[in-house]
Amino acid sequence: MINTFFVRISSDCNLNCEYCYVFNHIDKISHYLPDLMSVDNINLLIERLKDYQNKYKLDEILIVFHGGEPLLMGPKRFSEVLQLISSGLSDIVKLGFSVQTNGSLLTKQYATLFKKFNVGVSVSIDGPQKYHDIYRIDKKGIGSWERVIKGIKEIQKYPELFSGTISVINPQVPPRKIFEFLQESNILVTDFLLPDGNYDRIPKHKDSEVNIYIDWLVEAFDIWFTEYQYITVRVFENVLESVSGLDISSDVFGGGELSYLTIETDGSYHTSDILKTTYEGASKTNLHLSSSSIEDVINSSSFIEYNFLLEEKNLPEQCQTCEEMKHCKGGCLPHRYSSDNVFGNPSIYCNEMKLLIQHARARLIEVLEQHQNN
């Protein structure tokens with residue numbers, strides 16, 4: 001059952017990160033959307049969520065404010081949005097708020113606002129300044145690191161709100177430098193994201209150095225496993241949990257069902273935002289808050305097809321015969337895309353996932369055997 005809603009309250013961004021799936025991949029919908037979500041669409045969303053809650057009696061509804069850059073809404077208007085949603089829904093369901101931000105606009109005023117409404121904050125940062133500023137630049141080409149680290153320090157004043165960081169992997173950055181930065185900055189929860197890519201848009205460096213991402217992942221895993229396990233790295237913990245027998249689904253590992261919906265600033269419903277890396281309009285459902293319920297979206301052909309493609313029995317033949325299929329489950333769906341074969345391919349990161357899983361299993365067995373011998 002869907003209980004998470006990515007609400008894109010801003011379609012614009014103050015940065016121009018080279019690898020951004022919203023602005024710098026093939027789908028250009030964000031260029032034509034309203035810059036900010038209107039109060040009318042916020043109210044429509046509240047009514048749709050009310051109807052959904054009244055029928056399905058969820059324990060909690062999670063609302064993730066997303067963009068673009070959601071903080072472009074401004075503290076005053078953002079406060080009004082939080083108040084509207086809280087007033088409309090908090091009497092009938094537990095609400096969880098969070099925001100994914102590039103951090104460059106994260107001020108004391110925003111931190112105070114998020115404290116008032118208990119909004120969890122995740123910040124995108126790619127490590128030390130010399131590496132972060134390679135790709136995370138503003139529209140004038142100026143690096144954003146100094147602004148981002150200042151924002152992180154503001155939200156760290158409220159540790160109960162700071163849910164950590166995400167970093168897009170640059171395989172030319174030494175993994176140890178990333179961990180040293182996390183330690184020095186007191187960032188104890190993070191995740192490493194493989195750059196979005198597919199068979200039509202090969203991830204940067206991978207076309208010339210086939211093993212560059214797996215080499216980085218293995219080195220990073222070993223450093224973390226040996227020295228930095230007090231830092232939560234979600235992708236590594238997910239791998240260890242999976243090889244230990246737990247059922248894991250994540251953005252890196254496929255399987256399960258689509259557990260969230262995306263609502264654009266114009267009020268249109270979409271499936272996974274990351275589909276924007278595949279082809280124009282890939283995430284569209286052609287449904288809108290004004291005319292369709294959340295249940296209509298769940299029953300739509302777009303939603304059903306997405307879940308169909310995630311099922312193990314519908315994975316490509318190469319996945320079906322792979323001994324690690326039960327762990328990676330085909331990987332992130334958009335990473336399977338090609339214009340020739342649509343989603344009928346293994347992930348463009350198939351080899352990376354397979355070798356990381358095998359390496360993590362070997363390291364875990366090694367530690368368990370050492371404990372037994374002792």
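The values are calculated or read from the model by the stated rules, or taken from the named source; none is laboratory data. These numbers were taken from a predicted model, which means no experiment stands behind them. Positions of Cβ are generated from backbone atoms using ideal geometry, with glycine treated the same way; all protein chains shown enter the neighbour counts. Note: areas computed on protein heavy atoms with side chains; ligands, DNA, RNA excluded. Shrake-Rupley method; radii C 1.70, N 1.55, O 1.52, S 1.80 Å.
Kindly indicate the residue of segment 95-134 that is hydrophobic (A, V, I, L, M, F, W, C) and assigned to a strand (DSSP E or B) and also farthest from ASN170 (Cα to Cα) among those meeting that condition.
Ranking the candidates gives LEU95 first.
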Those residues of segment 96-126 that are out of contact with any strand residue (DSSP E or B) (no Cβ under 6 Å at 6 or more places or on another chain) and on the phi > 0 side of the Ramachandran plot come to a total of 1
Note: among TYR199, TYR213, just one is at pLDDT 95 or above and surrounded by fewer than 20 Cβ atoms within 10 Å (Cβ to Cβ), namely TYR199
Here the qualifying pairs (Cβ atoms under 6 Å; residues six or more apart or on different chains; first in segment 194-212 and more than 20 Å from ASP273 (Cβ to Cβ) and without any contact (Cβ under 8 Å) to a residue 40 or more places away in the chain; second of a type in the set (A, V, I, L, M, F, W, C) and surrounded by 15 or more Cβ atoms within 10 Å (Cβ to Cβ)) come out as HIS205/ILE212
Just one listed residue, out of LEU310, LEU356, LEU315, is under 30 Å from LEU44 (Cβ atoms) and buried (at least 18 other Cβ atoms within 10 Å of the Cβ), and it is LEU310
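So which of LEU62, LEU113 ends up being in contact with a Ser or Thr (Cβ under 6 Å, 6 or more places away or on another chain), without any contact (Cβ under 8 Å) to a residue 40 or more places away in the chain and open to solvent by 10 Å² or more (accessible area, probe 1.4 Å)? If you could, list the steps in order and put the result at the bottom.
Working: LEU62 fails: without any contact (Cβ under 8 Å) to a residue 40 or more places away in the chain.
On inspection, the qualifying residue turns out to be LEU113.
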Screening LEU113, LEU106 for residues that are touching an Asp or Glu at 6+ places or on another chain (Cβ under 7 Å) and not polar (S, T, N, Q) leaves only LEU106
Scanning segment 259-271 for residues that are closer than 22 Å to LEU194 by Cβ and either acidic (Asp, Glu) or surrounded by fewer than 20 Cβ atoms within 10 Å (Cβ to Cβ) (or both), the one modelled with the highest pLDDT turns out to be TYR260
Only one of LYS326, LYS284 is among the basic types (Lys, Arg), modelled with pLDDT under 95 and out of contact with any Pro (no Cβ under 6 Å at 6 or more places or on another chain), namely LYS326
Considering segment 337-352, residues that are among the aromatic types (Phe, Trp, Tyr) and more than 13 Å from ASN314 (Cβ to Cβ), and then whichever is farthest from the chain's Cα centre (by Cα), we arrive at TYR337
Residues that are open to solvent by less than 70 Å² (accessible area, probe 1.4 Å), in contact with a Leu (Cβ under 7 Å, 6 or more places away or on another chain) and more than 30 Å from ASN41 (Cβ to Cβ): does segment 330-347 have at least one? yes
Exception for THR285 within (1) open to solvent by less than 20 Å² (accessible area, probe 1.4 Å); (2) out of contact with any helix residue (DSSP H, G or I) (no Cβ under 9 Å at 6 or more places or on another chain); (3) of a type in the set (S, T, N, Q) falls at (2)
Within segment 331-369, the residues that are more than 27 Å from ILE223 (Cα to Cα) and among the hydrophobic types (A, V, I, L, M, F, W, C) are LEU333, VAL342, PHE343
Exactly one of ILE92, ILE42 is open to solvent by less than 10 Å² (accessible area, probe 1.4 Å) and either assigned to a helix (DSSP H, G or I) or farther than 24 Å from SER272 by Cβ (or both), and that residue is ILE42
When restricted to PHE303, PHE308, the only residue in a helix (DSSP H, G or I) and under 19 Å from the mean Cα position of the chain (by Cα) is PHE303
Flagged in segment 318-329 as crowded, with 19+ Cβ neighbours inside 10 Å and part of a loop (DSSP other than H, G, I, E, B), in numbering order, are LYS329
Over segment 1-28, the set of residues within 22 Å of ILE137 (Cα to Cα), in contact with a helix residue (DSSP H, G or I) (Cβ under 7 Å, 6 or more places away or on another chain) and not in a loop (DSSP other than H, G, I, E, B) is SER10
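Conditions (1) within 13 Å of HIS132 (Cα to Cα); (2) among the aromatic types (Phe, Trp, Tyr); (3) out of contact with any helix residue (DSSP H, G or I) (no Cβ under 7 Å at 6 or more places or on another chain); (4) modelled with pLDDT of 95 or more, marked per residue:
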residue	(1), (2), (3), (4)
ARG147	yes, no, yes, yes
ILE155	no, no, no, yes
LEU161	no, no, no, yes
PRO171	yes, no, no, yes
PHE181	yes, yes, yes, yes
PHE192	no, yes, no, yes
